[in-house]
1. Would you grab the residues whose amide H sits under 5 Å from the one on A:R205? Only those 5+ places off in sequence or on another chain, please, with H modelled 1.01 Å from N.
2. In degrees, nearest 10, range 0 to 90: what is the angle between the Cα axis of helix B:427-438 and the longest Cα principal axis of chain B?
3. Assign one of three labels to the range B:152-358, namely rounded, prolate or oblate, based on the Cα gyration tensor with a ≥ b ≥ c the square roots of its eigenvalues; rounded applies when a/c is under 1.5, prolate when it is not and a/b is larger than b/c, and oblate otherwise.
4. If the cut-off is 23 Å between C-alpha atoms, which lysines fall inside it for A:K37, apart from same-chain ones fewer than 8 positions away?
5. Checking the a/c ratio against 1.5 first, then a/b against b/c, what shape does the Cα gyration tensor give for the range B:365-457?
6. First check a/c for the protein assembly as shown, with a ≥ b ≥ c the square roots of the eigenvalues of its C-alpha gyration tensor; if it is under 1.5, answer rounded, and if not, answer prolate when a/b is larger than b/c or oblate otherwise.
7. Between the alpha-carbon centers of the range B:94-110 and the range A:181-224, tell me the distance in whole angstrom.
8. Just the Cα atoms of chain A, one point each, no solvent: what log10 I(q)/I(0) does Debye give at q = 0.15, 0.16, 0.17 Å⁻¹?
Amino acid sequence: MRQREGANMVSHSVRIEDQEARAPRLSPIQSLLSRWKTGWHQLLLGMELTRNLAVRDVETRYKHSILGLYWAIINPLVTAGIFGFVFGVIFHESSKPIPYVVFMLTGITFWNFFANGIMSAVGSVSGNASLLAKIYFPRIVLPTAAVLARFIDFLFSLGVLIVFIILYDTPIHWSTLWIPALLILQVLFTLGIGYLVAALNVLYRDINQLMGLLLLVWMYFSPVMYPVTNLKPSLRSILLMNPIGSILQMERDVIFTGHLQYPQFAYSALAWTAFVFIAGIRVFRHIEPMFSEVM
Amino acid sequence: MVEDVWIRPEQEKRGEEMGLSAWTRILAYAALVVSAQILRWGLFVAHGFDLGYYQQGMAALVHDGLGARSTYTGQAVLAKNHAWLLVVLAYPATWLGTGFLFLVETLALASGYFPLMRIARAWTVPREVAAFVGALYLLSPLVIAGNLYDFHMSVLAVPLVLYAVQALMERHWGQFVAFLVLLTGCGSKAAIAVLMVALIAAVRRQTWWVGLAAIGGVLAWMFWELNIRLDRLSALGWITVPVSHTLTIRAVLYALWVLAPFLVVLGALSVQRKAFPWSFYGVLALLYLGGNMLSALPASTSPFDQKSALIAPFLLLMLLDVAARDRRPWPFQIRAAGIFATMGLLVLMGFDFYHSAWKVRPNNTMAIEQALVAVTKNHPIYAQNNVLPHLGFIINQVPLQRFNLAHVPIGSAVIWDTQFHDDTTPPSVYRTLSALMANKRRARVVFDKGGVVVFDVVASR
């Protein structure tokens, strides 16, 4: 049954025919083209499988719940409400000229995608042990699909943010059109960490607990709830060295400021994203052969 | 037979793994060093004479074309070090900002790992030794320090030397010439490195004719374009630098620091193989080192100055050459000792950074940031060494060192942190500024907070 389900998800399969011995010798260019063709075909297959798994993840997550997809909206609203009360009302945190509620909700919306993406990725491989035992497919698809499923949730939360921006009459700039580019950066960074923790969690189940704790600390060291503009340059520089902190700051800047206030830090975020993404894949591939033994 | 499963050939997978490993190492280097560079800049540790000079020069090149003048030297921008690649970098850099310069420099240096590995493969160096040499490159304090201390065109020559040697080994003549031409774009400080690459080609039996042609071309470039005369080559071509006629203890210590990790490896290897390994590339490195040792400029005898970075590729090629002729994997202890010595030098780099940069940075950073907002950028802006890089790509930034009341244009602005003394501004300038500020008819103060003052010069007399 599972095997059939897996086969359905892989709607196209690679046909590996036993022709290699019979085929004529290929020139280096023909061989390269053939490898590219196979690689491209596999990439398409992987993308389709990832999409199917991500959609399935969202469907099963909300299938038997009364509020269904509304949870994707309720969660950030409640979080923003609590933090908004604590920081805005009790501590009088200011984010002028942006209303603090909007400022806060922007940070929470983008942060939640990152944090939820990672927490979903952590158990994506270890939670699918039976599927892994039955059929072969690139294992890296599992954490990728987990992160993309949270991206679908994020799109709903983004709708809430847009409503609040309109309600509070907060001016936004044309540079908001840069958000997709910044989201690509954030997705790649989240995927990189996701691959790393998904693989490590197969070997050490403490990773799940550890990540929950780490993300809590990470959130307070990122400009989610406070603006960095009024901080001392030295402290601000250290906080913006944190790649996700820098990405969040850029996302807020392009929406509400119209330009990047600290453009230099975009380059460090770019460099860290590239490193984390590639290193994540590297670690995942390194641990992948051990999955069947451990699980 | 047809299989409906997802199978990847094992050989292809292994090749991909090797590529991923290399990229992981390179990107780790890039992420760490770019962050450190930006942190230096953010904490006002970056220097105008290392970064501001290039920012102003590039802005001037974009604004005024090839004849643009530097406010730092008073000369044409390209006349100082003939680094014509500045023109190529100027347009994207003025658009994309200082971080772009940091990223380009760091990625270029990190990419030097690739040719090093390709050369190791061409020379059939054992895999562990190749990985060890690659690690030494990415951990080399000579390379990291040259990269970390803001921006220098000459540092870009480090990977280009390796790319040129790789092209030579693979007999790709077009690429070899292209890399030599690119090397000339790194300026006169890379001139000797270009000559040495040509020399490498000349001493090889199969490529002597390419080498002779390259030496001819390089010498012609040095004599006509760089205007280097034979009498000034007495210091092996350290063109702009006067020669010291006494060998100081500092210079000897400098040589020891630079060579330490390599001497540790070669020493341990010679004990084990009972013969001291020798390489032509080592001679080139020693020649380069000798030139720096003879220099009368103190900065040239620092392992952490950008002038020392160009010794690294020749030292690493020496190790690969020794390994290629040895043909046996080196014991783990020898490789660990090499890495340990390199890490020791990195710690030393940290101490050097603490004393030479961290302890001599301005502390009123909040006030300086506000002062930078208060200043208008239409007229010349005079500022201290650590403030200049924060003015960005503008043609009007001038180091305070060049402040001369007789020549200062009316309307010029001065940003002065009165609680900070940089090493580049003479005391006479500070005395002039104090006198000027006291005279309200000659200077109009527009900002005064936390010891940081911004004033406009409204009359010179």
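1. Close amide H contacts, sequence-distant or interchain: none at all.
2. Roughly 40 degrees between the two axes.
3. Judged from the Cα gyration tensor, the range B:152-358 comes out oblate (a/c at least 1.5, b/c at or above a/b).
4. B:K13
5. Rounded.
6. Working: a/c = 2.16, a/b = 1.15, b/c = 1.89.
Here the protein assembly as shown falls in the oblate category.
7. If you average the Cα positions of each part, the centres end up 28 Å apart.
8. Result of the Debye calculation: -1.21, -1.33, -1.44.
The values are calculated or read from the model by the stated rules, or taken from the named source; none is laboratory data. Computed from a predicted structure; not experimentally measured. Using ideal geometry, Cβ is built from the backbone for each residue, glycine included, and neighbour counts are taken over all protein chains shown. SASA here: full protein model, heavy atoms, side chains in, ligands and nucleic acids out. Shrake-Rupley method; radii C 1.70, N 1.55, O 1.52, S 1.80 Å.
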